[in-house]
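The values are calculated or read from the model by the stated rules, or taken from the named source; none is laboratory data. Everything numeric in this text was worked out from a predicted model, so none of it was measured. Here the Cβ positions follow ideal geometry from the backbone for every residue, glycine too, while neighbour counts run over all protein chains shown.
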Amino acid sequence: MKFNNLFPKVAIIVSYSVLFAVATYFGKSTSYFDIFLFILGLLFGAAILHLDEVFLYDLYADEQQKLLSQDEKQFATRSLLFLLMLFPLGLYIMTSTGSSVGVGLFIGIISGISVEMAQLRNNSELFHKRFLFQLKRKLTTQEEKTLRAVFITAAIFYALMVIFMGR
């Protein structure tokens, strides 16, 4: 399955950019530079996910892993450990840093992963190979749906936090 369908990811980036710009405009601080930095962070977040598939994987994968098909490759940015680490890191970025680039980067990454999870909602085998390859036990369909729902709900929560906090 190809994940290079950029339309959903671009649509999310444009939507978040517009919502962030509106929230910043109607908020107390109107800084066009912050809006620019947030959009730059969103683009960097989406680019990191894409670069991991295209370029970075070749740097950290061993020779045997490089021979796998695109659907079977185990990307670092899609590992369960990376996904679990994202949310405490996101909470820190959102509440303790003043970095618009960092917030945009985080939102770009979780949005891109959420889109991929939504694309795999009907393909349990590929979902497991893509996101849960570190687990020895195969999750049931209900457990996968729960994991997907929790991740996407958390991603939406963080996006709303950005919009309503104005950063």
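Computed quantities for the displayed model
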quantity	calculated
Filter result for Lys73 (farther than 25 Å from Phe36 by Cβ, of a type in the set (Lys, Arg), without any contact (Cβ under 8 Å) to a residue 60 or more places away in the chain and exposed (fewer than 13 other Cβ atoms within 10 Å of the Cβ))	no
Enumeration of residues in the stretch 73-84 that are in a helix (DSSP H, G or I) and basic (Lys, Arg)	Arg78
Residue count for the stretch 92-112, restricted to those that are surrounded by 14 or more Cβ atoms within 10 Å (Cβ to Cβ) and at pLDDT below 85	3
Of the criteria (1) touching a residue at least 24 places away in the same chain (Cβ under 8 Å); (2) exposed (fewer than 14 other Cβ atoms within 10 Å of the Cβ); (3) touching a helix residue (DSSP H, G or I) at 6+ places or on another chain (Cβ under 9 Å), which one Met117 fails	(2)
Pair list, Cβ under 7 Å, 6 or more apart: the stretch 42-69 residue acidic (Asp, Glu), other residue not in a helix (DSSP H, G or I)	Asp52/Phe75; Glu53/Phe75
Helices (runs of 4 or more DSSP H) (entirely within the stretch 1-72) containing at least 1 residues that are farther than 16 Å from Gly108 by Cβ and modelled with pLDDT under 70	6-26
Count of the stretch 54-76 residues which are among the hydroxyl-bearing types (Ser, Thr, Tyr) and farther than 19 Å from Ser124 by Cα	2
